[in-house]
1. Within the stretch 395-420, how many residues are open to solvent by 30 Å² or more (accessible area, probe 1.4 Å) and part of a strand (DSSP E or B)?
2. Within the stretch 167-183, is even one residue closer than 28 Å to Ala429 by Cβ and in contact with a Ser or Thr (Cβ under 8 Å, 6 or more places away or on another chain)?
3. Here is a list of conditions, (1) of a type in the set (Ser, Thr, Tyr); (2) farther than 30 Å from Val533 by Cβ; (3) open to solvent by 10 Å² or more (accessible area, probe 1.4 Å); (4) assigned to a helix (DSSP H, G or I), and Thr174 meets all of them except one; can you say which number that is?
4. For the stretch 512-526, enumerate the residues that are open to solvent by 10 Å² or more (accessible area, probe 1.4 Å) and within 30 Å of Val231 (Cβ to Cβ).
5. Any residue at all in the stretch 307-323 that's in contact (Cβ under 8 Å) with a residue 60 or more places away in the chain, closer than 23 Å to Ser65 by Cβ and among the basic types (Lys, Arg)?
6. Out of Phe182, Phe150, I need the residue that is among the aromatic types (Phe, Trp, Tyr) and open to solvent by less than 50 Å² (accessible area, probe 1.4 Å). Which one?
7. Every residue in the stretch 275-296 that is among the small types (Gly, Ala, Ser) and assigned to a helix (DSSP H, G or I), please.
8. Quick check on my filter: what residues within the stretch 260-292 are in contact (Cβ under 8 Å) with a residue 24 or more places away in the chain, within 27 Å of Met71 (Cβ to Cβ) and open to solvent by 40 Å² or more (accessible area, probe 1.4 Å)?
Amino acid sequence: MIRGRFSLSLGPVLAVVAFATLASVTPNGKAESPREPLQLAAGPMGSNQSGTATDPYDFQWWNASIASPIMPQPHWVSFDLNTVLLDTLTHSPRIKSVSSRTSVALEKITQQDAAFDSKILLETNAGMTNDPVGNTLTTGGPSRLQQDSFGASAGVAKTTRGGSTWDLSQELGTLNSNSLFFDPKHQGNSRLSLSLTRPLLARGGQVYTERLLTQAQIDAGVSWQEMRRQVEKRIADVMTAYWNLYEARCHFLQQQKLLQRGQEIERIIVGRADFDSSRIELAKVRGRLARRMDQIISAEANVRRQQARLAMLIGRPELVSAENALEMIPLDPPLAASLQWTLRDAVIKGLENRPEVRAAAKELESAALSMQITRNQLLPELNAVFDAYLAALNGHNDVFHSFGNQFTEGGPGLSAALQYEMPRGNRYARARHREAIHWYRQKSEELRETMQVTRAEIETALIDVETTIAQHQSKRQTVMATIDEETVLTERYRMLGGDGTRVGIVLENLLDSQQRRSDAEREWVSTQVNYLVSLIELERAMGNLLIHENIETLRSPGRTDIEIVRSVNADAASIIPRAEFGSFEQPLDDSTSSDLVEPSVDSVDNSSDNLILPLPAPQLGTLLPAASPVERDPALPATRLRPTRLGLGNPNSGLIETTDEQGL
């Protein structure tokens with residue numbers, strides 16, 4: 001009978017409970033509007049109750065606040081990914097360091113090439129001799145030999161790229177003596193000399209002569225690829241840190257929202273304390289709120305850590321010296337154009353562009369050069385030496401008359417010789433050659449391993465991309481389901497309250513549903529960020545990140561200073577493979593000549609003795625098509641934006657944006 005009365009009077013009681021609940025939440029009798037402008041509504045995904053189409057991503061309420069200051073720092077700065085990359089290329093100490101290191105390697109090419117420059121030789125001497133004599137035939141009578149001499153010589157010496165050395169010199173001088181046999185007195189002499197030495201076997205040939213220059217070019221190539229690897233890694237780290245900061249800020253907002261929803265339940269329980277809520281329910285909700293407050297503190301600390309890491313990677317002094325007084329606000333939403341790659345195409349692209357593969361190929365080329373040089377040193381040394389001269393002599397110190405007479409009077413003096421040298425057993429050269437063979441085999445295996453590692457990293461990155469794509473739909477459905485679950489349980493608790501027991505099962509279910517919704521929203525944001533990070537890692541694994549982001553190098557003709565810049569081209573169809581410098585290729589391959597050195601043949605002759613040499617560096621393939629840039633429209637919601645490339649929003653954005661009152 002009591003249950004019957006309760007059933008009959010349930011309608012008025014529910015009305016009273018609903019009125020008391022609303023009155024406890026808002027004293028004015030109106031429902032309290034949340035701080036976020038976007039309202040969440042339960043209903044079929046992608047449509048509202050009236051049947052009109054809605055954005056399937058309208059549950060991302062945090063997009064309305066993520067691009068605004070949310071941290072307690074007194075100052076803030078906002079930027080997009082384009083600005084971050086530009087600042088990194090301009091201010092990063094790591095990028096400046098590796099570019100300077102490569103400039104040092106390029107300077108060594110000039111130093112080794114200078115060995116083939118002509119040398120101008122100038123020499124003057126003056127002397128006076130006053131020696132006792134022990135033979136009358138020396139002076140013909142005087143007891144001391146007294147001579148005065150003066151001479152000057154000028155010449156040119158050069159080592160050719162074929163291995164020959166030649167020396168052309170002109171000598172002019174005067175000589176006078178007290179010897180009775182000295183005739184004529186006050187002599188003026190002139191002598192034109194030519195000397196030529198050419199190795200015929202060992203240490204001969206252009207390959208051997210240019211070995212140091214070729215090695216410097218190979219070392220510069222390795223240094224160039226190392227610079228490219230370091231720059232690519234820094235850019236990947238900066239882009240990843242940018243999206244990790246976005247993810248941390250979203251998690252911070254979601255944790256704050258979770259706390260607000262818990263506080264709303266607490267207000268309902270307090271408002272119904274005299275009606276049907278119990279102390280156990282109030283204790284439970286306050287315990288949950290305390291844990292959520294701890295989570296907010298942890299989320300805020302994570303945001304600050306991500307800000308510090310991003311500032312360190314960018315290297316801009318204003319960001320590094322901010323000392324946690326500056327809030328960094330990323331503006332781009334985590335959206336990217338889909339990139340379709342098969343494993344075969346991605347591996348081919350990686351083997352073409354990966355700097356580690358190209359550096360290993362350069363190391364193998366260096367080992368092949370060593371084999372070629374040590375094979376040359378197995379031969380005996382056989383040098384051809386040729387000397388020729390013209391000379392003239394006149395009295396009265398008439399050196400200029402002697403200079404003319406050397407071409408008209410008499411004839412040239414000639415001499416030719418062969419020089420041979422061969423160590424007994426030639427053990428040193430043989431050991432050097434065997435060492436070079438072992439080194440070549442070592443570098444060959446290292447190249448194979450590098451290619452295998454590259455393939456494994458590309459395959460792993462592709463798996464990560466496919467995994468995040470597969471999780472995209474399920475994560476979104478999970479968020480929608482948890483929103484519906486929390487909405488239903490919240491409305492039920494507002495209308496009916498708890499279960500009337502001391503355990504608080506209904507309240508526990510409601511608080512758990514709030515936590516499940518918050519966890520689903522966190523996982524959704526993490527899935528979006530992980531997709532972008534996996535795309536960045538895929539491009540880095542393929543060695544295509546710098547090309548994809550239009551990052552290139554600039555060098556002035558005749559200089560080794562390297563400037564790394566980023567160009568933004570809105571027309572993806574007009575992007576074509578650039579020249580060696582623009583495509584971040586090593587500019588001093590064997591097939592091309594530098595602006596600093598004279599053209600020469602290949603550093604290693606792969607036609608002799610069937611030497612196995614590495615394949616030439618492959619050319620760049622066709623660049624990936626990028627999504628068209630979309631201008632930011634403030635009237636559109638943040639979820640409508642579709643960025644270009646890997647999450648890049650407006651490619652025409654300027655430098656760091658701040659406010660007059662709170663910015664830098």
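1. Summing the residues that are open to solvent by 30 Å² or more (accessible area, probe 1.4 Å) and part of a strand (DSSP E or B) in the stretch 395-420 gives 7.
2. So in the stretch 167-183, the residues closer than 28 Å to Ala429 by Cβ come out as none.
No - not one qualifying residue is present in the stretch 167-183.
3. Thr174 satisfies all of (1) of a type in the set (Ser, Thr, Tyr); (2) farther than 30 Å from Val533 by Cβ; (3) open to solvent by 10 Å² or more (accessible area, probe 1.4 Å); (4) assigned to a helix (DSSP H, G or I) except (4).
4. Residues of the stretch 512-526 open to solvent by 10 Å² or more (accessible area, probe 1.4 Å): 512, 515-517, 519, 522-523, 526.
Matches in the stretch 512-526: Ser526 only.
5. Yes - at least one qualifying residue is present in the stretch 307-323.
6. Numbers: Phe150 fails: open to solvent by less than 50 Å² (accessible area, probe 1.4 Å).
Criteria check complete, one pass: Phe182.
7. Of the residues in the stretch 275-296, the ones among the small types (Gly, Ala, Ser) are 277-278, 283, 287, 290.
Matches in the stretch 275-296: Ala283, Gly287, Ala290.
8. Gln260, Gln263, Glu264, Arg267
The values are calculated or read from the model by the stated rules, or taken from the named source; none is laboratory data. The structure displayed is predicted, hence computed values, not measured ones. Here Cβ is always computed from backbone atoms with ideal geometry, including for glycine, and neighbour counts include all displayed protein chains. Heads up: the accessible areas ignore ligands, DNA and RNA and are worked out on the full protein's heavy atoms, side chains in. Shrake-Rupley method; radii C 1.70, N 1.55, O 1.52, S 1.80 Å.
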